[in-house]
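Scroll down for the structure; my scribbles are underneath it.
Laboratory data are not the source of any read-out in this text; all were calculated from the coordinates shown. Keep in mind it's a predicted model, so treat the numbers as computed, not measured.
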Amino acid sequence: MYAQFAARIPLSGSTYQWASRLANPKIGWGFGWLTVCYLSFGVVAVDNALASQAFMPLFGMEPDEDTARVITLVMMFVQALLVVFSTRIVAMINASAVGLELVIVVVLAIALIVAVLITGDGGAGNLTSRGVTENAPDYFAVGGGLMAAMIMGLATLVGFDAAANLAEEAKDPFRSVPRAIVGSVAAAGALGMVFLIALTVAIDDIPRISKSESPVAAIMRDQLGPVMERTLLVAITFAFFAAGMVTMAACSRIVFAMARDSRFPAHQVMRRINPRTQTPVQATILILVVGVVLMVALPGDALLELIVAGTLLTAIVYAATVVLYLAVRRRLDRKEGGFNLGRFELPVAIGALVWMAVVLFVLISPGEAFVPVLIVAGLLVLGGLFFLAMWVFDREVLETEPGDISVYKH
């Protein structure tokens, strides 16, 4: 559905632009607000995972929540500098990271399987083992262990819409952006599954790995040795860094797009573009500030709460996007040579909507989701208050669409 939209409205802001032009600016604002929220969480979640799962194990640092938070903030600061300095640098780093990620997944999967075959440590039986949850009575219950475990899987197949948020800076966006969206999901799904199977098969001590703060690093160390572990952790750290940086760039473009239309707090400041770098400096700084606040304010296991809250926000936006597509699909124009599902359009859309309903149910069911659900509710209330302020004091910006482009059939 995202690729279908991106092939017709290649503007920075993705869902915000699509909903504003296909429904109305009020609904578009809601899409934009939710997208800014989930991308802001995504930046911090990726960088916190970088810190706790890659950077700290790489340098032999003991697991520590406070240390991970400090490293997260440092990474975000460096990413903000790069995003502000040059879009070209961001694109180069991201392109390098994508290629590196593919190599990491393939090489690591092969190496782990070979190591298991040679040493005999681990085995295919791990794929059907429930491990430390073997005797848990509520494992298959609503909100039980299986649903909680699914959250991590759901959190990996998000963020593909980042390409649409950078559409105005892409060449031939009608073709390149949809191709990037579909390709990223296909690659992440297929290679990610292979990688997870290899990791699971390579576990030689399930209870010990389950208790580890950095299980992937522990598995690599057990099977491949410390030298190979550190080599791969360097590559993984770089890949994480690039992912966080691209997410920050995408989020800053959403903020800029909304501010350009006078629909974001402090829009006079947030819509400014640096004349030398041609990047939205103030919007990028805002994302950095949000990250600092989250790292200071979030209690407990920050990574888990960020993942659940960010994935919940993402699922809400994705589900709403599918509903929007179903509502307007018959009126959409078709760009010659652009991405098009053809006769599979309706079945795919209905399947996507059913899937998103399942995802939302899974995300809110576990007891661990209580704090993230409160965070999401608070963000919705905060956004609602700002929307009300615009409705009362500056309603015109919610009634008109500046710089309109043709998206419907003529």
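Here are the numbers for this structure:
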item: Residue-averaged 222 nm ellipticity for the chain, from DSSP H runs of 4+ at -39500 (n - 2.57), nearest 500; result: -23500 deg cm²/dmol
item: Radius of gyration and Dmax over the Cα atoms of segment 184-228, both given in Å; result: 12.0, 34
item: Kirkwood Rh, angstrom, segment 195-272 [1 / mean 1/r, Cα pairs]; result: 15.6 Å
item: Inter-centroid distance (Cα atoms) of segment 174-218 relative to segment 7-59, Å; result: 21 Å
item: Viscosity 1.306 mPa s, temperature 10 °C, Stokes-Einstein D of segment 163-312 from Kirkwood C-alpha radius, µm²/s; result: 85 µm²/s
item: Gaussian network model of the chain, springs between alpha carbon atoms under 10 Å - residue of Asn135, Asn274, Asn24 with greatest fluctuation; result: Asn135
